[in-house]
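Participant: Sending over a structure as structure tokens; questions will come in a sec.
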Amino acid sequence: MGYAYKWAGDIGDGRLRVCYGRGFEDGLQTDHEPMDDMDFVGMSWDILQKGDRFLYAQSFLAANILNPLTFQQGGNIQHSGATYMDKIAGLNYFVAGGWSRTDPNSNQLLLGSTDSEDGYHAHVGLRYDIDPAGLKLGAEWNYGSKNWIGMTPGHDDLYESKIAARGNVYEVYGIYDLPMGEAISKYADTFMRLGYQRYEYDYHGSNDYFDNPYNLDDNENSFDIRKANQIYLTLEATF
């Protein structure tokens, strides 16, 4: 459900949405120890939007997370984040931050611990649009702390979700707008994107909710990937 509004003085528009879902229902079976239902509740808030200016925040709770290996319920995960983006002439920029917290159930583990753990994330980016050439050039950097949980299991990064990385990720890219979108629809946008990503992991288990995120420098015998490079080329169309 949601509610849309306008700020006074034509500052801009806003929208507030709330959602609820059930990811696991224990049902009426009686041949096993009863389990708590796994629920999700969240808030998504477009605080202010006008033109290229956009201020956004979200917060959600995932309750009674189920460990897929042990089929035990580890506990709850809280997650909150905020983003501000704007444009000055042809320069687009954004800054974003996130916070995650695990609250394990009694005698259960989240992030390899029975204690509550906090994680954080930072993400900044710049992009310059060269409109006459249909070209956009951008660069981004993001960092995740030891206990950061990105909650991005549906990511579409070819290698691994950079937003969930516990460590640094650097990215540079170029976008070329193909002059064919309007031939399909006036709402269409067709472009090619060429980019390079550099992953530098500091801690084990990026995007893992249960395992201990140990420092990779303290465990030289682990099989973890410490650094990775990726070059990608995509053709994308929206309509």
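Bear in mind that the values in this text are calculations on the coordinates, not laboratory data. Not measured: the values here are computed from a predicted model. Note that each Cβ is placed from the backbone with ideal geometry, even for glycine, and that neighbours are counted across all protein chains shown.
Participant: For a quick protection proxy, order the peptides 107-119, 165-177, 123-135 by their average other-Cβ count within 10 Å, most packed first.
Facilitator: 165-177, 107-119, 123-135
Participant: While we're on this one: Among the listed pairs K136/K227; K50/K87; K87/K136, which are separated by more than 23 Å between their Cα atoms?
Facilitator: K136/K227
Participant: So, in nm, how far is label L233 from label D39 when the simple model puts each one 7 Å beyond its Cα toward the Cβ?
Facilitator: 5.1 nm
Participant: Starting from the Cα gyration tensor of region 62-166, take the square roots of the eigenvalues, sort them a ≥ b ≥ c, and report rounded, prolate or oblate (rounded when a/c is under 1.5, otherwise prolate if a/b is larger than b/c, else oblate).
Facilitator: Since a/c reaches 1.5 and a/b is larger than b/c, the shape of region 62-166 is classed as prolate.
Participant: For every other residue with a beta carbon closer than 13 angstrom to the beta carbon of N147, add +1 if it is Lys or Arg and -1 if Asp or Glu, then tell me the sum.
Facilitator: That works out to -4.
Participant: Let me ask something additional. Inverting the mean 1/r over all pairs of different Cα atoms, compute the Kirkwood radius of region 159-239 and quote it in Å.
Facilitator: About 15.1 Å for region 159-239.
Participant: Now, a different point. What list do you get for W7, W148 if you sort them by fewest beta carbons within 10 Å?
Facilitator: With the fewest neighbours first, W7, W148 line up as W7, W148.
Participant: Most exposed first by the Cβ proxy, i.e. fewest other Cβ within 10 Å, how do E25, E200 rank?
Facilitator: E25, E200
Participant: Let's test the formula: R0 of 45 Å, r as the Cβ-Cβ distance of D86 and D31. What FRET efficiency results, to the nearest 0.05?
Facilitator: It comes out at approximately 0.20.
Participant: For K186 and R15, what is the calculated FRET efficiency with R₀ set at 22 Å and r taken between the beta-carbons, to the nearest 0.05?
Facilitator: Plugging the Cβ-Cβ distance into 1/(1 + (r/R0)^6) gives 0.35.
Participant: Considering the values (i) 1.02; (ii) 0.93; (iii) 0.96, which represents Rg/Rh (Cα atoms, Kirkwood Rh) as calculated for the structure under consideration?
Facilitator: Working out Rg/Rh (Cα atoms, Kirkwood Rh) from the coordinates points to (i).
Participant: Lys and Arg at +1, Asp and Glu at -1: add these up for the other residues within a Cβ distance under 14 Å of A4 and post the number.
Facilitator: +2
Participant: Run the quick spin-label model on V124 and N67: label points 7 Å from Cα toward the beta carbon, then report their separation in nm to one decimal.
Facilitator: 3.9 nm
Participant: Take every Cα-Cα distance within region 1-135, group them into 5 Å bins from 0 onward, and report for each bin the whole-number percent of pairs it holds.
Facilitator: All Cα pairs considered, the percentages come to 2, 9, 13, 14, 14, 12, 11, 8, 7, 5, 3, 1, 1, 0.
Participant: Let me ask something else about it. State, to one decimal in nm, how far the label point of S222 lies from the label point of D52, with both points 7 Å from Cα in the Cβ direction.
Facilitator: Calculated label separation equals 4.1 nm.
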